[in-house]
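**Q** I am attaching a structure below and will ask some questions about it afterwards.
What follows is calculated from the coordinates using simple rules that are stated; it is not laboratory data. Keep in mind the model is a prediction, meaning the values are calculated, not measured. FYI the Cβ positions are ideal-geometry reconstructions off the backbone, even for glycines, and counts take in every protein chain you see.
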Protein chains: 2
Amino acid sequence: MVLLWPSLALAVGADPVGPVALDLALVLAAALLAGHCATRLGQSAVLGELLVGVVVAQLDLPWVARLRDSASIDMLGRLGALLLLFEVGLQSTVGAMLQVGRQALVVAAVGVAVPFALGWVVAHQLLPAGPNTGAVALFLGATLTATSVGITVRVFQDLASLQRIEAKIILGAAVVDDVLGLILLAVVVAVISSPDGLQLGSVGWIVAKALLFLVFSLVVGVWATPKLFQWATRLRHPSTLLAVGLALCFLLSWAADWAGLAPIVGAFAAGLVLEDVHSAPYRARGELGLEQLVRPLTSLLVPVFFVQLGLRTDLAALGHPGALGLGLALVAAAVIGKQACAGVVWGTGPDGRQIDRWLVGLGMIPRGEVGLIFASVGAGLQVNGQPIVDAGAYAAVVLMVVVTTVLTPPLLKWRLGRSQAGPPPDAEPGAPIDCRSPD
Amino acid sequence: MVLLWPSLALAVGADPVGPVALDLALVLAAALLAGHCATRLGQSAVLGELLVGVVVAQLDLPWVARLRDSASIDMLGRLGALLLLFEVGLQSTVGAMLQVGRQALVVAAVGVAVPFALGWVVAHQLLPAGPNTGAVALFLGATLTATSVGITVRVFQDLASLQRIEAKIILGAAVVDDVLGLILLAVVVAVISSPDGLQLGSVGWIVAKALLFLVFSLVVGVWATPKLFQWATRLRHPSTLLAVGLALCFLLSWAADWAGLAPIVGAFAAGLVLEDVHSAPYRARGELGLEQLVRPLTSLLVPVFFVQLGLRTDLAALGHPGALGLGLALVAAAVIGKQACAGVVWGTGPDGRQIDRWLVGLGMIPRGEVGLIFASVGAGLQVNGQPIVDAGAYAAVVLMVVVTTVLTPPLLKWRLGRSQAGPPPDAEPGAPIDCRSPD
């Protein structure tokens, strides 16, 4: 009898969706309240979502551990990150990105080179000299190059500033950055693990795949998708527009992953090639546009991504000897290194306003999950059977990722407020001023 | 060197979201095209989604197996089932359900009792006599009682007929059915495994939990949610309405699971207690209503559920000796048994139209995933270390589930067409008739 009840319990009391549903309910409620509090305190909602995760993670409750380690919640969060970048891509166009193309290239190149050099110097200064110091320094430099654009675009979105030219430069630079960071990581791994000589073939293939993906997705996307969406209007299905749009988003996400890029680069590219013209025939028959249709999906899934990012923050790692000092030095190198990007921003935006170069620099700061991926690669590196990166260096990298990620929303919010407070340069001097007394 | 590349590949070429994104792209595209074809052939779109899964499953390709066994896709499909029932619940109200409450109770009771009796008779007729025949007959009878309402509501939705009173009776009966089927399953398992006497305490606790959940969710939902939604209007968050609505949906889904009911019962209850009044303050400030916000979520996730349901159909099990005959007899018992429901439907709908009693009977036919859950419980039952249900009987149950699930959409579509073709009883005799010649 007793033996039989478990199988009944499995059937009638434990659909696997049960715990996931509870997790989603808790994440949604926590994200909503934390986002509201952050907004009330003048911050971006995403900072609240991150911090509520960090705080809850310290509670050491069983369900918190379950939530943090849930494969389903993890996957929902990753899909949320894809859809966030898809949504952001939808709000821009290929033309607008090409306008900032040269700036984005230069910003990305500087944003990779300077942090890499600073990280290398910091490591040589702070680490005890040893046979592997050179290798660790190369690796730490490489981890500082990543840019995780998710946080930055959420802040711009929260503050209704995604249409600013600075947002477009940052997004363009983040794509290039991803490609450059990938190449650098491949080269560093090759140098560390095979000091006799670079395997040019392997590295070349990685570069070729990444470039192939970018060219393919943009050229084919711009050329083929208008025909595809026009053809699909003939399908008798109430949600054709969303289904076709999401299929493209997921297909390019997978293709980016295949090419060795972050899947979010593919999702962004899919959003970028889709313009208003794709939605037009559907809108004409009274349906919602693609942006409006994607918004409920991101409302559900994006908070899952950020709350879980907070939950996974391991504050305990900082207790490791030497980790705090090295970590703070890496934070400084990470922040200062990306501010070099500000030095190579020039010109004015389409509204005639001077581009806020510091806004671009600040927007490049967060390392987010890309930094953590780099760190996990480093943790797996071995020379002669010895791990190259010890627990202290790994904890320092985690600290750098966390601080840059949590620091960015308030910095961006402050800078955006400053930059929007000033009068726009094209304001007419004689414009009427609202001088009714407040009541 | 070679040892190192896998860790790099893990980091830069295999984000776990990659394959899931590809699966989603394929499922969305397949569901869209298959749904379109089914609609063109005069069928419901969901039949296309089911059949494309069945057909693709026979292809025996590696990625099909991966898609079928993917835990992530499975979870997304389960969330899709929740959201489908939530959406359906949103389109109805507690008041409307109470109007059909007595009918639904009677329909559910008949729809449990008659199929159970028929299944018991069929088993005794077709199975070779043996020490366990009585136990197998009890179990087969129990599997015939389940009603999986997902298919039926999709057909009604596809044909824009969810507001018909027959849909409300079926939905109400399905909720009661779930409770009754659960109790029956518990009793059958208790009888089979402990013939000395029923453990009344265990069964009583199961019943109490189920009733507790229903009363709690409806009473508290009707009383507390208007206050909650009104309070939430003060939150500064762009997607408050959707976040609060989904949190309630997921919370009640989990609570239903806790109470031993199917999670979709909780999702349906959540939708039921939410009425237009909850969305009104948000609509008043120009936001979309909850139904419109949930639609994109179901557009993404519901096809995943139905395509995977098709993928998991194991046609090969029918090769088992004796399975086909027993299976076809069970199909007949399942279909005929639920038609007994038609005999206890009476009266007219709010539009004065006679309720289509056969529509109710046909809508109760599909066993879907609930039947499969019952079958898996049976597969785990043992007496004296011997499994009670052999592979042949299990395959017969699977056949019954598949046939009732695939048969229902065309039957419902046919019946709805017939029932809508006749003139409504309240049509004015002198109403103008459109007699322009077609051109």
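**Q** For the range A:21-180, what does the relative contact order come out to in percent, with C-alpha contacts under 8 Å and a separation of six or more?
**A** Relative contact order comes out at 25 percent.
**Q** For A:Val383, place a label point 7 Å from Cα along the Cα-to-Cβ direction in every copy; what are the distances to the other copies, in nm, shortest first?
**A** In nanometres, ordered from closest: 7.1.
**Q** While we're on this one: Averaging sequence separations of C-alpha pairs under 8 Å and six or more residues apart, then dividing by the length of the range A:21-419, give the relative contact order as a whole percent.
**A** 29
**Q** What average number of partner chain Cβ atoms lie no more than 10 Å from the Cβ of the residues making up B:25-38?
**A** Mean partner-chain Cβ count within 10 Å for B:25-38: 5.
**Q** Would you calculate a helix-derived [θ] at 222 nm for chain B, using -39,500 (n - 2.57) for each DSSP H run of n ≥ 4 and dividing by the full residue count, to the nearest 500?
**A** Estimated from H runs of four or more residues: -24000 deg cm²/dmol.
**Q** Translational diffusion coefficient of the protein assembly as shown at 25 °C, 0.890 mPa s, Stokes-Einstein with Kirkwood Rh over Cα pairs, in µm²/s as a whole number.
**A** 83
**Q** So for chain B, what percent of the C-alpha to C-alpha distances run longer than 29 Å?
**A** Summing the P(r) of chain B above 29 Å gives 51 percent of all pairs.
**Q** List the residue from chain A whose beta-carbon is nearest to the axis that rotates chain A onto chain B, together with that distance in whole Å.
**A** A:Pro296, 2
**Q** Using the 7 Å Cα-to-Cβ label point, sort the distances from B:Ala332 to its equivalents in the other copies shortest first and give them in nm to one decimal.
**A** The answer, with the shortest distance listed first, is 8.6 nm.
**Q** Across the protein assembly as shown, how many lysine pairs, 8 or more apart or on two chains, come within less than 18 Å at their alpha-carbon atoms?
**A** So the count works out to 6.
**Q** Let me ask another. For the residue pair A:Arg353 and A:Gln382, what label-to-label distance in nm results when each label sits 7 Å from Cα along the Cα-to-beta-carbon direction?
**A** 5.4
**Q** Checking understanding here: applying a Kyte-Doolittle mean of at least -1.0 and a length along the axis of at least 30 Å (C-alpha), which whole DSSP H helices in chain A pass?
**A** Counting only whole DSSP H runs, the qualifying helices are A:17-40, A:101-126, A:165-193, A:200-232, A:290-311, A:391-421.
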